[in-house]
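Okay, structure first, notes after.
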Amino acid sequence: MNRRAGEGEVAGRAAGGGGVGGTGRRIEVVRAGALTTVQDAGRRGWAHLGVPRAGALDGPARILANRLAGNPPDAAVLETTLTGCAVRPAGAPYTVVVVGGAVCRVTVDGRPAAWGAPVRVPEGSVLEAGPALRGLRGYLAFGGGLVSERVLGSRSADLLSGLGPPVLRDGDVLPLGGDGGGRGGCPADAVPWPGAPAELVLPLWPGPRHAWFTPAALHTLTTAVYRVSAQSNRIGLRTEGPPLERSRSGELPSEGMVLGAVQVPPDGRPVVFLNDHPTTGGYPVVGVVAASALPAAAQAVPGTPVRFVAA
């Protein structure tokens, strides 16, 4: 069931006639960056088989980037992490590209281009999304959308299970769909992109295992200020701060985990599960964060203050 591609598989998909999309339109990865993956709305409904949902961590940013590119909201995009990426469109006179999410400097062949708005990139030119200036994860939407192979209904890369396309590397080639006509989907003169949070406030519902922690620990959880750990990733947002003391010893049998679950490992510091989280786990879950708060968590850089508040 593991669909993780080998080093050359992404490039091989687009060779010889346009790959999955069949249009001949494609992007070539000039600079992959620290962690760049293909993401769409994710694969829902498979948790009972042990398959995480994956998908873009900042869903609103993905949807808005697609809207500006003239794509359906669930079209696949590139998700970058901190360092951005560079791509070269091919197979059409030009390709419309929208760079959104984390704020960054955008250039085409070294010349400044718009961030957060449609940019017509001529064939053979290099669009560069630079390192994040504010926020953490950027999104690149291409007119026509990325059309790599679907796995269980989604084109998303899942770093935990290995489903979907692999993490991008320099030289990879990805197919595009449609004609990339570039009319765009939003005629507004200005579009309000959410900013990166200066402080991450996470509404929390208690349970199902809050009884495993002392009253003092539960008070600490909702009054102390934590910070985003540099050890965070697409699986979970790890925190630094006061540990939570348990009221009982021992471990739980593995039980189901949901998006936003706040699991407390042996070091006592809460971990908020994000899109690539495991579907089961044995550490107690002290509460669950509202899903509406998680896109902001996707943009919280290490060191950002975190407060858990009663939902």
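Any residue at all in the stretch 124-135 that's modelled with pLDDT of 95 or more, more than 22 Å from the chain's Cα centre (by Cα), surrounded by fewer than 15 Cβ atoms within 10 Å (Cβ to Cβ) and in the same structural domain as residue 93 (by TED's automatic domain parsing)?
yes
Take residue 299 and tell me if it is free of Cβ contacts under 8 Å to residues at least 12 places away in the same chain, closer than 29 Å to residue 115 by Cβ and not assigned by TED's automatic domain parsing to the domain that holds residue 51.
So residue 299 fails the test.
Among the residues of the stretch 138-182, which ones are surrounded by fewer than 24 Cβ atoms within 10 Å (Cβ to Cβ) and outside any loop (DSSP other than H, G, I, E, B)?
Those that are surrounded by fewer than 24 Cβ atoms within 10 Å (Cβ to Cβ) and outside any loop (DSSP other than H, G, I, E, B): 151, 173.
For the subset of the stretch 277-289 comprising residues that are aliphatic (A, V, I, L, M) and over 20 Å from residue 227 (Cβ atoms), which member is surrounded by the fewest Cβ atoms within 10 Å (Cβ to Cβ)?
Among them, the one singled out is 288.
Scan 96, 106 and give me the residue that is in the same structural domain as residue 34 (by TED's automatic domain parsing), crowded, with 18+ Cβ neighbours inside 10 Å, among the β-branched types (Val, Ile, Thr) and in contact with a Lys or Arg (Cβ under 8 Å, 6 or more places away or on another chain).
The match here is 96.
Here are the criteria: (1) in contact with a Pro (Cβ under 8 Å, 6 or more places away or on another chain); (2) among the polar types (S, T, N, Q); (3) modelled with pLDDT of 95 or more. Tell me which single one residue 161 does not satisfy.
Looking at each condition in turn, residue 161 falls short on (3).
Taking only the stretch 210-232 into account, find how many residues are touching a residue at least 40 places away in the same chain (Cβ under 8 Å) and not aliphatic (A, V, I, L, M).
8
Identify, please: which residue in the stretch 290-311 is part of a loop (DSSP other than H, G, I, E, B) and small (Gly, Ala, Ser) and is, among those, surrounded by the most Cβ atoms within 10 Å (Cβ to Cβ)?
Out of the qualifying residues, it is 300.
Name every residue in the stretch 16-27 that is at pLDDT 95 or above and either among the aromatic types (Phe, Trp, Tyr) or more than 23 Å from the chain's Cα centre (by Cα) (or both), in order of residue number.
The one that is at pLDDT 95 or above and either among the aromatic types (Phe, Trp, Tyr) or more than 23 Å from the chain's Cα centre (by Cα) (or both): 25.
Mind checking which residues of the stretch 281-311 are among the polar types (S, T, N, Q) and out of contact with any strand residue (DSSP E or B) (no Cβ under 6 Å at 6 or more places or on another chain)?
292
The values are calculated or read from the model by the stated rules, or taken from the named source; none is laboratory data. As the structure is a prediction and not an experimental result, all values here were calculated from the model. Here the Cβ is made from the backbone with ideal geometry for all residues, glycine too, and neighbour counts use every protein chain on show.
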